[in-house]
Amino acid sequence: VQLQASGGGLVQAGGSLRLSCAASGGSFGRYAMGWFRQTSPKERVFVASISASGSITDEADSVKGRFTISRDNAKNMVYLQMNSLKPEDTAIYYCATRVRVLTARNVGDYDYWGQGTLVTVSS
């Protein structure tokens, strides 16, 4: 499975961005997806996850109500809509997939990772 994240950039606080992750290979519609973020040199932190069908989502408390994860299984895409961005949201964002149908929050629960896309929120 290959994952390609895109959509990062520079945005002012209070603004919005939508990250996209394109998946190829594997059985996308059978795999849960997740978004994590990393502020070097810290570890990757869970942001959001979505089940294989898209019926179940899970978001970290720090982004709940501001970020929304979604997917389009027909297009092999997963998205992270980020609204009301804050400077502390600045990080490299990674999409990941796990060969399971249910959501998960731990880095070790994911099997494949994309290359990351940088989001910078200015104050």
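Do you know which residues across the stretch 56-86 are of a type outside the set (A, V, I, L, M) and closer than 20 Å to GLY26 by Cβ?
Hits for the stretch 56-86 are SER70, ARG71, ASP72, ASN73, LYS75, ASN76, TYR79.
Of all residues being part of a loop (DSSP other than H, G, I, E, B) and among the hydroxyl-bearing types (Ser, Thr, Tyr) in the stretch 110-123, which is surrounded by the fewest Cβ atoms within 10 Å (Cβ to Cβ)? Just the residue, please.
Once the filter is applied, the top-ranked residue is SER123.
Keeping to the stretch 33-56, report how many residues are in contact (Cβ under 8 Å) with a residue 40 or more places away in the chain and open to solvent by less than 60 Å² (accessible area, probe 1.4 Å).
Total satisfying the criteria: 12.
Restricting to the stretch 83-109, what's the tally of residues that are surrounded by 22 or more Cβ atoms within 10 Å (Cβ to Cβ), within 11 Å of the chain's Cα centre (by Cα) and more than 18 Å from GLY54 (Cα to Cα)?
2
Could you tell me whether any residue of the stretch 54-75 is closer than 16 Å to LEU118 by Cβ, touching a strand residue (DSSP E or B) at 6+ places or on another chain (Cβ under 7 Å) and not small (Gly, Ala, Ser)?
Within the stretch 54-75 (the criterion being closer than 16 Å to LEU118 by Cβ, touching a strand residue (DSSP E or B) at 6+ places or on another chain (Cβ under 7 Å) and not small (Gly, Ala, Ser)), the answer is no, since none of the residues qualifies.
Got at least one residue in the stretch 69-84 being part of a strand (DSSP E or B) and over 18 Å from ALA23 (Cα atoms)?
Within the stretch 69-84, one or more residues are part of a strand (DSSP E or B) and over 18 Å from ALA23 (Cα atoms).
The values are calculated or read from the model by the stated rules, or taken from the named source; none is laboratory data. Computed from a predicted model, the values in this text were never measured in an experiment. Cβ: placed from backbone, ideal geometry, glycine included. Neighbour counts: every protein chain shown. Note: accessible area is taken over every heavy atom of the protein model, side chains too, but ligands, DNA and RNA are not part of it. Shrake-Rupley method; radii C 1.70, N 1.55, O 1.52, S 1.80 Å.
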